[in-house]
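All remarks here apply to the structure that follows.
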Amino acid sequence: TSPKPAYKRILLKLSGEALMGDDAFGINRATIVRIVDEVTEVINLGVEVAIVIGGGNIFRGVAGGSVGMDRATADYMGMLATVMNSLALADAMNKTGLTARVMSAIAIDQVVEPYVRPKALQYLEEGKVVVFAAGTGNPFFTTDTAAALRGAEIGAEMVLKATKVDGVYSADPKKDPNATRYTEISFDDAIGQNLGIMDATAFALCRDQKLPIKVFSIFKNGALKRVVMGEDEGTLVHA
Ligand code: UDP
């Protein structure tokens, strides 16, 4: 018998930038297709996959990409950007044989269905990929926090935070040749060392709910699958 995945249900957090590829902004189709391939591998293992996607490739309210604007308005624009990314990602999934459903935290019923927790759980049990759009639905939050929140709500065993680097390092691996990757680290050490894995709200939620976070690279071939198989990949942040 083939080895079993270590997790039954995961929440994958992709930043908006992850969809840009080498472009300066927007959505790069080839990049999305690569991400979908990685997700397909773990779906084929029988793992239930929910995704929260950011919007930074299109619009960022929180970080001041909208200087002079009312903060809440800018944040709503950021949330709408995540809806566009979610539609693009789900479309690519549906074209490659996966079944994806987008659920929005903000009501835009003509475009995507609203987030309803029992329905999301049902889709996951049916093997569909659920893409959570519009973050938490509230300004002053981020999609990292949405990932922690939805992850806790759906009973995900782990939040997988996709970054450009394949884990958390003791120093910047681009600058310091002696930087080593941590296999695992505690929430307390991550806070103490100010590692900035997620924003503070997201991080506190994961810590309180004892929801482990795996930091890994979605652009390393097969990394998502290795994470799900419980192999040594990325960095696990745990209680
Ligand atoms: N946003 C928000 N509330 C949320 C999630 C997102 O207001 O619950 C807004 C916020 O302005 C943020 C933007 O949407 O800057 C895009 O999300 P984020 O910055 O988390 O995207 P990422 O960095 O992952 O691409």
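Rule-based calculations on the coordinates, nothing more; no lab input. Small disclaimer: the values here were computed from a predicted structure and weren't measured. Every residue, glycine as well, gets a Cβ built from its backbone with ideal geometry; the counts of neighbours run over all protein chains shown.
Here are some notes:
- Nonlocal amide H pairs with ARG9, under 5 Å, H built at 1.01 Å: GLU48, GLU157
- Built from the Cα atoms of the chain, the convex hull projects on average onto 13.4 nm², one quarter of its surface area.
- Karplus-derived 3J(HN,Hα) values for region 144-149, using 6.51 cos²θ - 1.76 cosθ + 1.60 with θ = phi - 60°, are 4, 5, 4, 5, 5, 5 Hz; glycine and proline are entered as x.
- As a rough footprinting exposure proxy, the listed residues THR201, THR145 were ranked by other beta carbons within 10 Å of their own, and the order from fewest upward is THR201, THR145.
- Sparsely packed chymotrypsin sites (Phe, Trp or Tyr not before Pro) within region 19-99, loop by DSSP, other Cβ within 10 Å at most 16: PHE25
- The percentage of C-alpha pairs in region 128-200 whose separation is greater than 22 Å is 35%.
- Every helix of 4 or more DSSP H residues in the chain counts as -39500 (n - 2.57), and over all residues that averages to -10500 deg cm²/dmol at 222 nm.
- Among the trypsin sites (Lys or Arg not before Pro) in region 110-181, those placed in a DSSP loop whose Cβ has at most 13 other Cβ atoms within 10 Å are LYS164, LYS174, LYS175.
- Summarised as an ellipsoid, region 1-63 has semi-axes of 28, 14, 6 Å, derived from the eigenvalues of the Cα gyration tensor scaled by 5 and square-rooted, with the largest first.
- Shown here for region 102-187: chymotrypsin sites (Phe, Trp or Tyr not before Pro) in loop regions (DSSP other than H, G, I, E, B) with at most 16 other Cβ atoms within 10 Å, namely PHE140.
- For GLY137, residues with placed amide H under 5 Å, excluding near neighbours: none
- Choice from VAL159, VAL131, VAL227 showing the highest fluctuation, given a GNM over the chain with Cα pairs closer than 10 Å: VAL227
- Region 139-236: antiparallel DSSP beta bridges as a percent of all, rounded to 5: 35
- Checking the cross-link pairs LYS8/LYS225; LYS8/LYS128; LYS13/LYS164; LYS119/LYS214; LYS8/LYS214; LYS164/LYS210 against a 20 Å limit on the alpha carbon distance flags LYS119/LYS214; LYS164/LYS210 as lying beyond it.
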